[in-house]
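Structure first, commentary second.
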Amino acid sequence: MVLALISGLEARSTMRAEKPAMRNSRAFGLEEILMGEFSSRGFSANWISGTEFLYTDRETGNVMKYDVESKSNDLFVERAILEEYQATSYELSHDRNFLLMGYDTLSGFRHSTASRFVLYDLVNKLYHDIEDKNHLQLVRLQPNGNGLVYVYDNDIYFLRTLGSDGKTRLTYTGVPGIIYNGVPDWVYEEEVLGSGSALWFSANGESLAYASFDDTEVATESYVEYGNPGDLNSQYSQTHNIKYPKPGTRNPAVTLHVIDLVNVQPEYHNELPFPPNNDNLILFAVTWTTPTEIAAVWTNRIQNSALTRIYTARTGVYDDVHRKTEYEGWLDVVTPLFDYYGQKYVTILPQPQGDAGNYRQLTLVEVSTGIEYAMSRGRSVVTAIYGWDYLNNIVYFQSTLEDQPSQRHVFSVAGDGSTDPICLSCNVVSPEGNTCKYAYASFSNDMSHMALTCSGPDPIYVMLFRNTDHTSEMWENNQALRTKLLERDLPETVDTDVQVESGYTAKARLWLPPGMDKSGATKYPMLVYVYGGPNSVQISDSFTLGFGAYLTTNRSIIYALIDGRGSGLKGDTMKFSIYKKLGTYEVLDQIAVTMSLQARYRYIDRTRTAIWGWSYGGYATAMAMARDSLNVFKCGAAVAPVTSWIYYDTIYTERYMGLPTEEDNLKGYDNADVTRLVTGFRGKQFYLLHGNADDNVHYIQAMMLSRALEVSNILFRQQSYPDENHSLGSVLLHVYGSMDQFWTQCFDLFKTVPASSFLFYES
């Protein structure tokens, strides 16, 4: 349904909702939400063959082996074996004689960790420490072999035989914090690879490709660690430095290498040639096409042009097989998936859909010609490629349904594109009797079986499927969670479309307090939860119980989600509408749609409407405060916000904003700078929260906005979290409790009750 903007409100006598719903024993408490008391179990298992996987039994702690064909469920490793080292992860070797276990894990950046590792010999019942129990950044078992590689102090080592002491050092250039081999630096981990790994085995395990990142010329950002209160060892604060490229400054220099693991000799330690202008190139994806050839996808600095190059691993001879340029926006690069012979590959590329413009579809590319063939079509967007069943020539992928960006489904399609895709999850039914609307899958080693997880609209359940005939069994139904939820009131949801400027349609979802008065006689406060980043999606049919469930059931606050211009999964035209214009249309749509919702639904109190967000959502919140000239939002809370894009990293920012130069988009950077627009905050209640040890959105972002507000004599509320990073993980109770208090005061929910008595109000 398309909803037109409505102006005017019916004049009538109304009441204000100032207390939680009466049935508060069925409401959600803040602490129980944050502590995961309503968390669900998914498919936490490791496939080890076409029909078998390992998993940890939650009652005994033993490692079990389940066969989806025979239905046998056998003890594989007793709990005591893992407890000897307090192992937090495990992986089985190819020959099934060793179990690699990680323990004493330290967090790195968003994806990376450092752990101690030990090998357990399943035959001889012996433990073998790796690298003298030092913390290792990465360990990878050799496929089709009996060895492993690991990264220690940014250098790569090879252990040819598991359980032996004979290691071979493969690189010698690693410098902690400066030069990385086999693991990414900060910006590549965060913005490109999405992983703590930058090495890739060939399928036969005989060759290893790895990337090196040289941050010597990258500028340094720093943050302070204060330590433990009252601890003599924390008498002086410590400064931590991190190489962090910001827009217009030097990126890390990246090189791609291949090592022959059969004959580990210098002449087989090849650096593969990269395209010209390598100072500004980004290595976005690496994958083996055959056991002897490797593909790399390189982009230019602003990521609107991509080149796929295939190398002969031993010689470095290459062919450039495919180029793609986007003139209206940017390219979202995925790792190509090759057929068995390396003659063609599937990827996700924009394809024209008539007047609707381009949508990202599953695309087959011929290596010899570079010609593209769309394997999916329509106003839907492909979001992931799972794998290629070579035996049956079937490709599995995830996609939205047409005009349903809130849904995800698992599909199959013939590897030559000769058939239309088949939805494998569309007719799956939950224990409650509802069809699945949000699904993803994990496939066995030969793609013959899959574990399909449906996470919405009902709580998660997992089903195991044989892909040849689609026979299935229930693996996990989360019955305990379902039983607990029967004792609680859940928010009601209302979805609507809203026309915004230039013919675009925004989507909105309201979470309503259970049992609320919808007549309009009672007015309810509304809180908009915004993210708003390019290609992001807030409205999802995946089942969630978060801050919104607490606010709706316990505080009688309407919780709103809005996907406007710039959001994803609605085609490239809408996505690219904010290209080089961050902080404009995606923010204006939050304001305009909120006004439309206030006019459309009489139970929304337009005098008690607020907005909040985290990270990019914090930026959108702050910018909404600045640009909201009609005072649509009474209050706003920004957690760990970007405040000016000149302070964020190169690869993310330049993808969407170009370069901060007169020749490119310096004006766009200036217009997107919240610190230049602080006069718009005057007369509004603003809450700024940030961790000073944030390695992602640095504390300078909050401090620059704080400074701009202060010198303009604009009052606001501020909360700093010492030694906390971007997630504020160890102080979440304080973060959400503080915001709970802020909203309660903003909305005048408890006029006579002291703040200390309602932070975790439940009854």
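The values are calculated or read from the model by the stated rules, or taken from the named source; none is laboratory data. Since this is a predicted model, take the numbers as computed values, not measurements. Positions of Cβ are generated from backbone atoms using ideal geometry, with glycine treated the same way; all protein chains shown enter the neighbour counts.
Kindly provide the set of residues from segment 498-527 that are among the β-branched types (Val, Ile, Thr) and either surrounded by fewer than 14 Cβ atoms within 10 Å (Cβ to Cβ) or part of a loop (DSSP other than H, G, I, E, B) (or both), ordered by number.
Of everything in segment 498-527, just one residue is among the β-branched types (Val, Ile, Thr) and either surrounded by fewer than 14 Cβ atoms within 10 Å (Cβ to Cβ) or part of a loop (DSSP other than H, G, I, E, B) (or both), namely Val500.
Having 1 or more residues that are surrounded by fewer than 15 Cβ atoms within 10 Å (Cβ to Cβ) is the bar; report the strands (runs of 3 or more DSSP E) wholly within segment 121-184 that clear it.
126-129, 167-169
Only residues that are within 23 Å of the chain's Cα centre (by Cα), among the hydroxyl-bearing types (Ser, Thr, Tyr) and part of a strand (DSSP E or B): list them for segment 335-363, please.
Across segment 335-363, the qualifying residues are Thr347, Tyr359.
For segment 399-429: of the residues being in contact with a His (Cβ under 6 Å, 6 or more places away or on another chain) and part of a loop (DSSP other than H, G, I, E, B), which is surrounded by the most Cβ atoms within 10 Å (Cβ to Cβ)?
Ser425
Given the conditions (1) touching an Asp or Glu at 6+ places or on another chain (Cβ under 6 Å); (2) farther than 26 Å from Val697 by Cα, report the number of the one that Ile591 does not fulfil.
(2) is the only condition that Ile591 fails.
I need every pair where a residue in segment 625-642 that is in contact (Cβ under 8 Å) with a residue 24 or more places away in the chain and under 16 Å from Asp605 (Cα atoms) has its Cβ under 9 Å from the Cβ of a residue that is among the small types (Gly, Ala, Ser) and part of a loop (DSSP other than H, G, I, E, B), sequence separation at least 6 or different chains.
Pairs found: Asn631/Gly683.
Limited to segment 430-441, what total is found for residues that are surrounded by fewer than 20 Cβ atoms within 10 Å (Cβ to Cβ) and in contact (Cβ under 8 Å) with a residue 24 or more places away in the chain?
4
Answer with yes or no whether Thr621 is surrounded by fewer than 19 Cβ atoms within 10 Å (Cβ to Cβ), of a type in the set (Val, Ile, Thr) and modelled with pLDDT of 95 or more.
no
Kindly indicate which of Ser115, Ser107 is among the polar types (S, T, N, Q), free of Cβ contacts under 8 Å to residues at least 12 places away in the same chain and either buried (at least 17 other Cβ atoms within 10 Å of the Cβ) or within 30 Å of Ile242 (Cα to Cα) (or both). Don't jump to the end; show me each part of the working.
Values: Ser115 fails: free of Cβ contacts under 8 Å to residues at least 12 places away in the same chain.
Matching residue, one of Ser115, Ser107: Ser107.
For segment 196-232, give me each residue that is over 23 Å from Gly316 (Cβ atoms), crowded, with 22+ Cβ neighbours inside 10 Å and among the hydrophobic types (A, V, I, L, M, F, W, C).
Val218
Residues checked against (1) of a type outside the set (S, T, N, Q); (2) farther than 25 Å from Trp288 by Cβ; (3) at pLDDT 95 or above:
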| site | (1), (2), (3) |
| --- | --- |
| Arg360 | yes, no, yes |
| Thr369 | no, no, yes |
| Ala384 | yes, no, yes |
| Gly387 | yes, no, yes |
| Val395 | yes, no, yes |
| Gln398 | no, no, yes |
| Glu402 | yes, yes, yes |
| Ala414 | yes, no, yes |
| Gly417 | yes, no, no |
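Residues of segment 579-591 being touching a helix residue (DSSP H, G or I) at 6+ places or on another chain (Cβ under 7 Å) and either surrounded by 24 or more Cβ atoms within 10 Å (Cβ to Cβ) or assigned to a helix (DSSP H, G or I) (or both), which ones?
Of everything in segment 579-591, those that are touching a helix residue (DSSP H, G or I) at 6+ places or on another chain (Cβ under 7 Å) and either surrounded by 24 or more Cβ atoms within 10 Å (Cβ to Cβ) or assigned to a helix (DSSP H, G or I) (or both) turn out to be Leu582, Gly583, Tyr585, Glu586, Val587, Leu588, Gln590, Ile591.
Can you say whether Thr287 is in contact (Cβ under 8 Å) with a residue 60 or more places away in the chain, touching a strand residue (DSSP E or B) at 6+ places or on another chain (Cβ under 6 Å) and under 23 Å from Ile394 (Cβ atoms), as far as the supplied structure shows?
In short, yes.
Do the conditions hold for Arg110, that is, is it within 15 Å of Val183 (Cβ to Cβ), out of contact with any Phe, Trp or Tyr (no Cβ under 8 Å at 6 or more places or on another chain) and part of a loop (DSSP other than H, G, I, E, B)? Reasoning before the result, please.
Values: within 15 Å of Val183 (Cβ to Cβ): yes; out of contact with any Phe, Trp or Tyr (no Cβ under 8 Å at 6 or more places or on another chain): yes; part of a loop (DSSP other than H, G, I, E, B): yes.
Yes: the conditions hold for Arg110.
May I ask you to list the residues in segment 539-556 that are surrounded by fewer than 23 Cβ atoms within 10 Å (Cβ to Cβ) and either over 21 Å from the mean Cα position of the chain (by Cα) or of a type outside the set (Asp, Glu) (or both)?
The answer is Ile539, Ser540, Ser542, Phe543, Thr544, Leu545, Gly546, Phe547, Gly548, Ala549.
Out of all the residues in segment 66-99, which are under 13 Å from Ser49 (Cβ atoms), part of a strand (DSSP E or B) and touching a residue at least 24 places away in the same chain (Cβ under 8 Å)?
If the condition is that a residue be under 13 Å from Ser49 (Cβ atoms), part of a strand (DSSP E or B) and touching a residue at least 24 places away in the same chain (Cβ under 8 Å), then Leu92 is the only one that fits.
Tell me whether segment 49-65 contains one or more residues that are assigned to a loop (DSSP other than H, G, I, E, B), modelled with pLDDT of 95 or more, under 23 Å from Tyr461 (Cα atoms) and under 27 Å from the mean Cα position of the chain (by Cα).
Checked segment 49-65: no residue is assigned to a loop (DSSP other than H, G, I, E, B), modelled with pLDDT of 95 or more, under 23 Å from Tyr461 (Cα atoms) and under 27 Å from the mean Cα position of the chain (by Cα).
Let's see how each residue does on (1) at pLDDT below 95; (2) of a type outside the set (A, V, I, L, M); (3) in contact with a Gly (Cβ under 9 Å, 6 or more places away or on another chain):
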site	(1), (2), (3)
Tyr210	no, yes, yes
Asp231	no, yes, no
Thr239	no, yes, no
Leu256	no, no, no
Pro266	yes, yes, no
Asp279	yes, yes, no
Tyr311	no, yes, no
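Could you count how many residues in segment 132-165 are among the charged types (D, E, K, R) and more than 32 Å from the chain's Cα centre (by Cα)?
Within segment 132-165, the first condition is being among the charged types (D, E, K, R), and the residues that meet it are 132-133, 140, 153, 155, 160, 165.
So of that shortlist, the ones also more than 32 Å from the chain's Cα centre (by Cα) come out as 132, 160, 165.
Qualifying residue count, segment 132-165: 3.
In segment 555-581, which residue that is among the charged types (D, E, K, R) and in contact with a Leu (Cβ under 9 Å, 6 or more places away or on another chain) is farthest from Lys667 (Cα to Cα)?
Step by step, filter segment 555-581, then rank; the result is Arg555.
Of (1) touching a Ser or Thr at 6+ places or on another chain (Cβ under 7 Å); (2) over 18 Å from Met595 (Cβ atoms), Asp497 satisfies all except one. Which?
Unmet condition: (2).
One residue is enough: does segment 592-613 have a residue meeting the conditions closer than 29 Å to Lys667 by Cα, buried (at least 20 other Cβ atoms within 10 Å of the Cβ) and free of Cβ contacts under 8 Å to residues at least 60 places away in the same chain?
no
Do we have Glu662 as of a type in the set (D, E, K, R), more than 23 Å from Ser706 (Cβ to Cβ), part of a loop (DSSP other than H, G, I, E, B) and modelled with pLDDT of 95 or more here? Step through it out loud before you land on a result.
Details: of a type in the set (D, E, K, R): yes; more than 23 Å from Ser706 (Cβ to Cβ): yes; part of a loop (DSSP other than H, G, I, E, B): yes; modelled with pLDDT of 95 or more: yes.
Criteria met by Glu662.
For segment 394-426, give me each residue that is free of Cβ contacts under 8 Å to residues at least 40 places away in the same chain and among the polar types (S, T, N, Q).
Ser399, Gln404, Ser418, Thr419, Ser425
Tell me which residues, restricted to segment 225-264, are in a loop (DSSP other than H, G, I, E, B), more than 15 Å from Trp186 (Cβ to Cβ) and touching a residue at least 60 places away in the same chain (Cβ under 8 Å).
Tyr226, Gly227, Pro247, Gly248, Leu261, Val264 - these are the residues of segment 225-264 that are in a loop (DSSP other than H, G, I, E, B), more than 15 Å from Trp186 (Cβ to Cβ) and touching a residue at least 60 places away in the same chain (Cβ under 8 Å).
Would you tally the residues in segment 725-748 being closer than 22 Å to Asp695 by Cβ and not in a helix (DSSP H, G or I)?
Counting residues in segment 725-748 that are closer than 22 Å to Asp695 by Cβ and not in a helix (DSSP H, G or I) gives 4.
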